[in-house]
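Have a look at the structure below, then the notes.
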Amino acid sequence: MPPSAPLSAAPFDPLAETSTPTASDTSPTLVHLPELNHRHLASSASTNSELITAVQDGTLDAAQMHLLTADTQSAGRGQHGRSWQSPPGNVYLSLYHPVHQPISGLLSLVIGVELVKMPVIQALNEQLHARQLTPIGVKWANDLGFYAAISKPALTPSESAIQTQPFSKLAGILIEPVTIAGKLVGVVMGVGLNVQAAPALTAQTCEGMSYQAISLQDICQMPPDAATIRLPNLKTLYQQMSKALMAAMTRFDYFSLEKPTGHTYYLDRFLEQFDGVDALAGRRLRVTQEHHGNSTVVTGYACGIDTHGCLQLRQDNGNISALFTGRIDVIHQA
């Protein structure tokens, strides 16, 4: 990972502003990156869904990249069909990218690592490190955020054994393949990033997940001694995030190119970088998996990911399991 920019320097480009652009701005699109074919909407049902439909019905050329952003979404989606709340002031971005090889679970993790490298995240992480707070990292399999230390009243031993630690979710990633006539032609990479607004989640909107929403603005104002970092405007974030997504696709392509050679240089380098930003590293987990309507629960300690992007869990008997999917709860340990 490259070193973070010092807080004393301005970490953002001249487009950075303290205000947040809206659809009324004269040019919210990235005109200086024409290869992205950027289109911005005041409101979208779902930026991922709109891009997929436009490519499949021929409105957009499947051989080119296409970027779609929106001020709000009325039917934003997350993993497994979960809803994604989309208030104004945040980033709702989807990038279609042509592909020529199957997509694996590694891609969302590669995207997560590249997003953490964005200048705005690097600057905030330096601020968090300086305050001895947990930095923003990548939570398997498709989230950005962190597990902050929690302070709870004393519990009985039985209660303490099942107490879980909520995840502070800053961003979510949704990867969807795009097919035409049964043939894979591309992938849509969707990212929702809380910038100015963190949705107030209820038991219903959490949909059983153990997390709370947090925004970039919230992190800037975290005590103690909240520092004043000037957040970039949405247009600048579109630029940083688009570059991160393109870098992720390039990196993912390298994995496929080197595989027939028997070399793993690019994959090994990625796994090393992921270890440095792994939000679950060393934490005790409870993983709930659904199989044909039945739930199974396994516990153990997170120990990274394997070469396929599966979560590795070291169980209490010493065995290491590779998990492809499942609900993750971090067990709080005093």
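Every number in this text was worked out from the coordinates using simple rules, so none of it is lab data. Just so we're clear, the structure is a prediction, and the values are computed from it rather than from any experiment. Here Cβ is always computed from backbone atoms with ideal geometry, including for glycine, and neighbour counts include all displayed protein chains.
Multiply the residue separation of Arg269 and Phe324 by 0.36 nm, subtract the distance between their alpha-carbon atoms, and state the gained length in nm to one decimal.
My answer for the length gained is 17.7 nm.
Run the numbers for Cys303 and Asp218: contour at 0.36 nm per residue of separation, minus the present Cα-Cα distance, in nm.
Working: separation 85, 0.36 × 85 = 30.60 nm, distance 2.95 nm.
Gain in length upon complete extension: 27.6 nm.
Enter the per residue convex hull volume of region 236-316, computed from alpha-carbon coordinates, in Å³ rounded to the nearest integer.
So the per-residue Cα hull volume is 157 Å³.
Where the centre of each part is set by its Cα atoms, how far does region 96-148 sit from region 242-258, in angstrom?
Answer, in whole Å: 15.
Any idea how far the Cα center of region 161-189 sits from the one of region 279-324, in Å?
Distance between centres, Cα-based: 18 Å.
Can you pick out the pairs among Lys183/Lys235; Lys117/Lys183; Lys169/Lys235; Lys183/Lys259; Lys117/Lys139 whose Cα atoms lie more than 26 Å from each other?
In this structure, Lys183/Lys235; Lys117/Lys183 exceed 26 Å between Cα atoms.
Where does each of Asp316, Asp306, Asp278 land when they are ranked from fewest to most other beta-carbon atoms within 10 angstrom?
Ascending number of Cβ neighbours within 10 Å: Asp316, Asp306, Asp278.
Taking the Cβ of Val297 as the centre, find all other residues whose Cβ is under 12 Å away and add up their charges (Lys, Arg: +1; Asp, Glu: -1).
It works out to a net charge of 0.
Phe167: net charge of surrounding residues, Cβ under 12 Å, Lys/Arg +1, Asp/Glu -1, itself excluded?
Residues close to Phe167 contribute a combined charge of +2.
Simple spin-label model, 7 Å along Cα-to-Cβ: Asn317 to Glu35 in nm?
Distance between the two pseudo-spin positions: 5.1 nm.
Calculated FRET efficiency, Ala63 and Leu133, Cβ-Cβ r, R0 51 Å, to nearest 0.05?
Efficiency computed from Cβ-Cβ geometry: 0.70.
How many percent of Cα pairs in region 280-334 exceed 15 Å?
Taking all Cα-Cα pairs of region 280-334, the fraction more than 15 Å apart is 44 percent.
Give me the percent relative contact order of region 280-334, please, defined on Cα pairs under 8 angstrom at least 6 residues apart.
Working: 104 pairs, mean separation 19.4, N = 55.
Relative contact order for region 280-334 comes out at 35 percent.
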